[in-house]
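The values are calculated or read from the model by the stated rules, or taken from the named source; none is laboratory data. Quick caveat: nothing in here was measured; it's all calculated off a predicted structure. Methodologically, a virtual Cβ is constructed for each residue, glycine included, from the backbone with ideal geometry; neighbour enumeration extends over all protein chains shown. Surface areas here come from the heavy atoms of the whole protein model, side chains and all, with no ligands, DNA or RNA. Shrake-Rupley method; radii C 1.70, N 1.55, O 1.52, S 1.80 Å.
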Amino acid sequence: MEAVPARARAYVAGLVVATLCCLLPLPETHAPCWAVVLLAALYAGGEQAAARRRFAGTFYPVLLAGAFLLPPPAAALVPLPGALLSRVEQRPYALRRIRRAAQLALAVWVAGRVHEALGGREAVLTPDFPYVLVAAGAAVLAFCLALTALEGGILALAERVPVRRAWRGLFVRSLAPVAVHGLAGLMMAVLWRSPYGPVAALLVLLPMCVSWWVFAQSHRERAAHRATIRALVQAVDIKDGYTRGHSERVGQASMMIARELGMDDARVEVLRFAGILHDVGKLGVPTRLLRKDGPLTPEERRVIELHPEYGHEMVRGIGFLGEARAAVLHHHERLDGSGYPYGLMGSQIPESARVVAVADAFDAMTSTRSYRRARPVPAALEELGRCAGAQFDPRMVAALVRALAREGWHPAVTADEEHPGAPAPPTTDREGARR
């Protein structure tokens, strides 16, 4: 995001202006400065510690405690120092920090306004149970809505995510974690107002820190999984240079099909892994066959057709791949039963394999190989449509066509372009064996 679109810069500028407007009444609130400073320092310190330890998430309980304890303009100050000093992985660093600070400040302000309008501050002071839970729940819901609305806006404007997908699932995914953080924030606020004071309120963060540590361990485990997958794919790319980048593009196309079919995010991720790993079995195929320029003999073709089984053996023990393992094994099956390795027909072929089969064929046709030149995207889609029902699942083909019509496709040329006069026999059987 180094070349930030002008509309994204305007969006961030609008967030900053809105934040300043929320802070304007601050002198009239008579909020205790020591409480604002303490909460802001606690949030900033927690964010810095989490960044150093590579914990996932953020210290929302502190922000929500501020919304429950302070007037909205004062509560909006709490996230600013921590967000402006936070660690940022990508450029432009300053713009990303400013955007994050403004988003959090606005979300806390909205939560504070809702909580105040419902009389939540008085309920915390009493404390008035169960009404205090109603006011806090409404504030947490408002906080989550504001945060996801602002996050979706930057995704659509800066990251060029299609508008219909920019907000999809953001609120649902964040509601449960934010609700837990909101309960911890409410406990902090109640203890803060109790005779035991702020020191007792800080004890609420101890179990939260334990949960963050557990989540960080899970995050590291997922990172290790991705590193394993990258290593396998790089090994395939090195061995078969003509298909370099093919695995990542098949993963991307599989993900586009899965999203178009309305699959949930977890399954979309698994199908992306399936696309990326579908050719991992080529590590067991002799390199001379993968790089051969002439036609394959029947014996050579049979050797190459073993790669789905080789791949399945390689990944069968990797539990987190789930149904991706079936896609690795069956992505060369055909609906009419003439595919390999087992000649499955129709619905006998796992859905994940049917998705990857279409993604694999599409990228194979739109990429230059050692044995033929790339086809234009419209020609590749026409060929997929012609083969739908016999070789490919028509649902998957239609989903890919819809996704490409909306998002487009920019296929990379994976072959060596230094020899444009090289022979390129257009043999369909060969394409089926080499994919």
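Table for the structure above
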| item | result |
| --- | --- |
| Members of the stretch 128-152 found to be surrounded by fewer than 18 Cβ atoms within 10 Å (Cβ to Cβ) and touching a helix residue (DSSP H, G or I) at 6+ places or on another chain (Cβ under 6 Å), listed by number | Y131, A138 |
| Residue pairs meeting the criteria (Cβ under 8 Å; at least 6 apart or on separate chains; first touching a residue at least 40 places away in the same chain (Cβ under 8 Å), in the stretch 318-337; second polar (S, T, N, Q) and in a loop (DSSP other than H, G, I, E, B)) | R334/Q391; L335/Q391; D336/Q391 |
| Output for the stretch 38-89, where each listed residue is β-branched (V, I, T) and at pLDDT below 95 | T58, V62, V88 |
| In the stretch 219-240, the residues that are open to solvent by less than 20 Å² (accessible area, probe 1.4 Å) and in a helix (DSSP H, G or I) | I229, V233, V236, D237 |
| Residue that is modelled with pLDDT of 90 or more, surrounded by 15 or more Cβ atoms within 10 Å (Cβ to Cβ) and under 30 Å from H181 (Cβ atoms), where the choices are V270, V303 | V270 |
| Residues (farther than 17 Å from R325 by Cβ, touching a residue at least 40 places away in the same chain (Cβ under 8 Å), assigned to a helix (DSSP H, G or I) and open to solvent by less than 70 Å² (accessible area, probe 1.4 Å)) located in the stretch 248-267 | R249, A253, M256, I257, E260 |
| Exclusive hit being basic (K, R), open to solvent by 50 Å² or more (accessible area, probe 1.4 Å) and within 27 Å of the chain's Cα centre (by Cα), set R121, R87, R113, R99 | R87 |
| The stretch 19-48, residues that are under 30 Å from the mean Cα position of the chain (by Cα), open to solvent by 40 Å² or more (accessible area, probe 1.4 Å) and aliphatic (A, V, I, L, M) | L42 |
| Spans of helices (runs of 4 or more DSSP H) in the stretch 140-202 with at least 2 residues of a type outside the set (D, E, K, R) and in contact with a Leu (Cβ under 7 Å, 6 or more places away or on another chain) | 170-193, 197-202 |
| Near pairs, Cβ below 8 angstrom, 6+ apart or cross-chain, from the stretch 278-291 (over 19 Å from V328 (Cα atoms)) to any residue that is at pLDDT below 90 and aromatic (F, W, Y) | R291/Y242 |
| Options L289, L344, L335, L296: the member that is in contact with a helix residue (DSSP H, G or I) (Cβ under 7 Å, 6 or more places away or on another chain), part of a loop (DSSP other than H, G, I, E, B) and over 22 Å from R386 (Cα atoms) | L296 |
| Any hit, the stretch 202-223, residues being modelled with pLDDT of 85 or more, of a type in the set (S, T, N, Q) and farther than 25 Å from V397 by Cβ | no |
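Quick grid of which residues meet (1) open to solvent by 10 Å² or more (accessible area, probe 1.4 Å); (2) at pLDDT below 90; (3) of a type in the set (A, V, I, L, M, F, W, C); (4) within 30 Å of G284 (Cα to Cα):
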position	(1), (2), (3), (4)
Y340	yes, no, no, yes
M345	yes, no, yes, yes
R375	yes, yes, no, yes
R386	yes, no, no, no
R402	yes, no, no, no
G408	yes, yes, no, no
T414	yes, yes, no, yes
H419	yes, yes, no, yes
